[in-house]
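Let me begin by presenting the structure, written as structure tokens, before commenting on it.
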Amino acid sequence: MQDHEAIISVFDHGFLYGDGVFETMRSYGPRLFMRDRHLLRLFQSADAINLRIPIPLAQWATILQEAMERNEVGTDQQDAYVRITVSRGAGDIGLDPALCSSPTVVVMTKRLVPPAPQLYDQGVTVIVASTRRNLPSALPPRIKTTNFLNNILAKQEAIAGNAFDSLLLNWEGHLTEGTISNLFFIRNSRLSTPALDCGLLDGITRQTVIQLAEELHLPIKEGHFTVDQLYQADECFLTNTSIEIMPVVVVDNKRVGNGAPGPLTRKLRARFIQSRARLSEPPTSS
């Protein structure tokens, strides 16, 4: 189905209230990166808001492969961007989930457009947003919800500041994550990243980088960190499924280290590239 053929009701509670969950992933050729972990997180997000996904977990690998094949992406010539969205579905006006008889499920696949190569060579700039991360007690960060206004407000700050992304602080002034990325920094050869209880999404690529750091015997700490500690970092980078490992060379107009992607960042990125195949699930058999 082409995008202009897709129809969703104006009474869909995903549209009306942001009542839904989503997951994005990418392929390397026909192989989807960490597909099974992404699917597991989708179901965990849905469970957290009492949303029943009407398609069993076991069928999703075949569905995603078919979606890529229909759109002629996820091939040896063209990597794929894949997004799954599950909303509460169409129902009468009102917040009661029982108003919606059946969830809406949408799978979108398109050509992946990776960041420009020079960004990895030169690094990017980020700012610390004035927008604070939602309180976990109000909206748990483990839920990848379609209600993304908190991130959008911070992204607007990044755009206004001509920055690649914004970093959000939590209610205590500790670092959490970017608008669509997790944060890592290096000081004295030790890798640090905000702990999950700071109020951030447990990113799939974040998990992968921690695994790769352990394989490389790099000391790593998950903890509560301040902006001042980030300012003192020797290296810094962001992670998500699409950008992989993106070096950060400026934070709030302050140079990180010597202002160029650092040696440990480059080492982790090289390890990530080497590990793509083993971290990506192969296509399902016909």
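The values are calculated or read from the model by the stated rules, or taken from the named source; none is laboratory data. None of these values were measured; they are calculated from a predicted model. Backbone-built Cβ (ideal geometry, glycine too); neighbour counts: all protein chains shown.
Restricting segment 166-203 to residues that are surrounded by fewer than 17 Cβ atoms within 10 Å (Cβ to Cβ) and in contact with a strand residue (DSSP E or B) (Cβ under 7 Å, 6 or more places away or on another chain) leaves a set whose member that is farthest from residue 246 (Cα to Cα) is 171. In segment 40-51 there is no residue matching the filter, namely being within 19 Å of residue 180 (Cα to Cα), of a type in the set (A, V, I, L, M, F, W, C) and in contact with a Lys or Arg (Cβ under 7 Å, 6 or more places away or on another chain).
Considering segment 232-248, and only residues there that are of a type in the set (Asp, Glu) and part of a strand (DSSP E or B), the residue that is nearest to residue 122 (Cα to Cα) turns out to be 235. Within segment 120-131, the residues that satisfy the criterion of being closer than 27 Å to residue 234 by Cβ and either surrounded by 14 or more Cβ atoms within 10 Å (Cβ to Cβ) or of a type outside the set (Asp, Glu) (or both) are 120, 122, 123, 124, 125, 126, 127, 128, 129, 130.
Could you say whether any residue in segment 215-228 is out of contact with any helix residue (DSSP H, G or I) (no Cβ under 6 Å at 6 or more places or on another chain), part of a helix (DSSP H, G or I), modelled with pLDDT of 95 or more and among the β-branched types (Val, Ile, Thr)? Yes, segment 215-228 contains at least one residue that is out of contact with any helix residue (DSSP H, G or I) (no Cβ under 6 Å at 6 or more places or on another chain), part of a helix (DSSP H, G or I), modelled with pLDDT of 95 or more and among the β-branched types (Val, Ile, Thr).
Of the residues that make up segment 170-186, is at least one under 21 Å from residue 208 (Cβ atoms), small (Gly, Ala, Ser) and either in the same structural domain as residue 239 (by TED's automatic domain parsing) or in contact (Cβ under 8 Å) with a residue 40 or more places away in the chain (or both)? Don't jump to the end; show me each part of the working.
The first filter runs over segment 170-186 and keeps only residues under 21 Å from residue 208 (Cβ atoms), leaving 175-186.
Cutting the leftovers down to small (Gly, Ala, Ser) gives us 178, 181.
Going one step further and asking which of them are either in the same structural domain as residue 239 (by TED's automatic domain parsing) or in contact (Cβ under 8 Å) with a residue 40 or more places away in the chain (or both), we end up with 178, 181.
Looking for residues that are under 21 Å from residue 208 (Cβ atoms), small (Gly, Ala, Ser) and either in the same structural domain as residue 239 (by TED's automatic domain parsing) or in contact (Cβ under 8 Å) with a residue 40 or more places away in the chain (or both), one finds at least one in segment 170-186, hence yes.
Would segment 204-213 turn up any residue that is modelled with pLDDT of 95 or more, surrounded by 17 or more Cβ atoms within 10 Å (Cβ to Cβ) and farther than 23 Å from residue 33 by Cα? Among the residues of segment 204-213, not one is modelled with pLDDT of 95 or more, surrounded by 17 or more Cβ atoms within 10 Å (Cβ to Cβ) and farther than 23 Å from residue 33 by Cα, which makes the answer no. Among residues of segment 249-258 being touching a Cys at 6+ places or on another chain (Cβ under 9 Å) and part of a loop (DSSP other than H, G, I, E, B), the one that is surrounded by the most Cβ atoms within 10 Å (Cβ to Cβ) is 256.
When we screen 75, 62, 24, 104 for residues that are closer than 21 Å to residue 240 by Cα and of a type in the set (Ser, Thr, Tyr), the only hit is 24.
Output yes when any residue across segment 122-136 is touching a strand residue (DSSP E or B) at 6+ places or on another chain (Cβ under 7 Å) and more than 19 Å from residue 253 (Cα to Cα), and no when none is. Yes; the residues of segment 122-136 include at least one that is touching a strand residue (DSSP E or B) at 6+ places or on another chain (Cβ under 7 Å) and more than 19 Å from residue 253 (Cα to Cα).
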